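Rule-based calculations on the coordinates, nothing more; no lab input. As the structure is a computational prediction, the values presented were derived from the model and not from experiment. No Cβ is skipped: glycine too gets one built from the backbone with ideal geometry, and neighbour counts run over all protein chains shown.
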Amino acid sequence: MTTPVSLALAIGTLVAGVVVGYFVARARIRREETRPPGPTVAELLERLVRSSHNGVVVLNKFGDMVLHNPRAYELGLVRVNQADPRARKAAEQVVETDEPMEIDLSPLEARGRQPEAVLGQVRPLGDGFTVVEAVDHSEAIRLEAVRRDFVANVSHELKTPVGAIALLTEAVLDAAEDVEEVRRFGGKILRESTRLGQLVTELIALSRLQGAERLPDLNVVEVDAVVREALGRTTLSAESADISITTDPASGLLIEGDRTLLVTALSNLLENAVAYSPAGSPVSISRRLADGMVEIAVTDRGIGIAEDEQQRVFERFYRADKARSRATGGTGLGLAIVKHVAANHGGSVGLWSRPGTGSTFTLRIPAHVRPEPAIEPARAAKTSPAPRQEKTPERTQRLVVTGQESPDHGGNL
């Protein structure tokens, strides 16, 4: 039987519990209200680690992973949920010495397009924990390799004409009394010196296009004028090779760019077409406007380029046919200059080719948009002139490559 005293104690306990719960709930609500909006510092740190471009792994004193980010997998720092053995071994040394150290974490075997050069830094965090940070240096290694190849190629290309000029000069001195021999060797010296001068000029042009030197201001340029000037530069070599160059009708198209660079790029395409075409074969130029881009295509019926070489022809000093290039005095820089001229104008250069059929190189440059003339509102309301008719440029002729169907400009691009 419940006594009044026990009942009073029970009620008091209940009331006390309710009061305590009320104040605890109020305190919790106040903490939540005073908590600043947004993520906590711990959450931000976790986001930072996961979004880092470097691979990050935190190891405990046993070499087990405590924390890692997705980039660690991409760089090969983590495999099968375990850190690289080289990183674990380095972490043990760091725990003992309490000094950071650098290690090479590059893949031990080639893995296609995966990073090739990975450098890791191991730092102590205290209490037996270490952090391993891996950085991908593949791009720097690749650029250094390209630089070495470029220097080697330049040295070789310059050595050839310089050596030839020295030998030919000795031959002239030995045959000083033979007029015919002096003329013959003198002609060869002139050709080699011309080739040397052309090589130096193209190297300077290419270094400007690829370097930090400021390009000239872009102006409105007539495409037809660029074609005419490029034809003028190529006429002599085309006539010497018995090759005729034909063009489509004037287009009236405009582009924004540097006229000198554009003429140089188109001249290189024409010289390339002439150099790799048999005597008596035609070379053609066509112009058109497509999707806001002016396309200038140079089509030849020459030896063509194999598919596995088509991506490499725009590399410096690369020649699809080295024997023919040597015979014509080519430097191997012409198409590389075309590529960079197009890129610096916000455009591109495309290639279609088939061995034994010919090639089409297409230079694409953004078209210049003519601004609409402003019309005063009051005058427009009074006169209400008829809508202005824009003049439509003439369509380019369709070029067909013998023996196959070919789209506009003579090739699939």
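Observations
- Spacing of the modelled spin labels on Arg228 and Ala25, each 7 Å from Cα toward Cβ, amounts to 9.1 nm.
- 5 angstrom amide H check on Asp258, placed H, neighbours 5+ away: Asn219
- Annotation: amide H-H contacts under 5 Å for Leu253 (H modelled 1.01 Å from N, sequence separation of 5 or more, or interchain): Val223, Asp224.
- Each label was represented as a point 7 Å from its Cα along the Cα-to-Cβ direction; for Glu144 and Thr169 these points are 3.8 nm apart.
- Hz values of 3J(HN,Hα) by residue in region 51-64 - Karplus curve (6.51, -1.76, 1.60), Gly and Pro given as x: 8, 5, 6, 9, x, 10, 9, 9, 10, 8, 5, 8, x, 8
- Region 53-132 - convex hull of the alpha-carbon atoms, volume per residue in Å³: 83
- Residues whose amide H lies under 5 Å from that of Glu116, counting only those 5 or more places away or on a different chain, are Ser138; hydrogens are built 1.01 Å from N in the peptide plane.
- In Hz, Karplus ³J(HN,Hα) per residue of region 180-196 (6.51, -1.76, 1.60; θ = phi - 60°; x = Gly, Pro): 5, 5, 4, 5, 5, 5, x, x, 5, 4, 4, 5, 5, 5, 5, 5, 5
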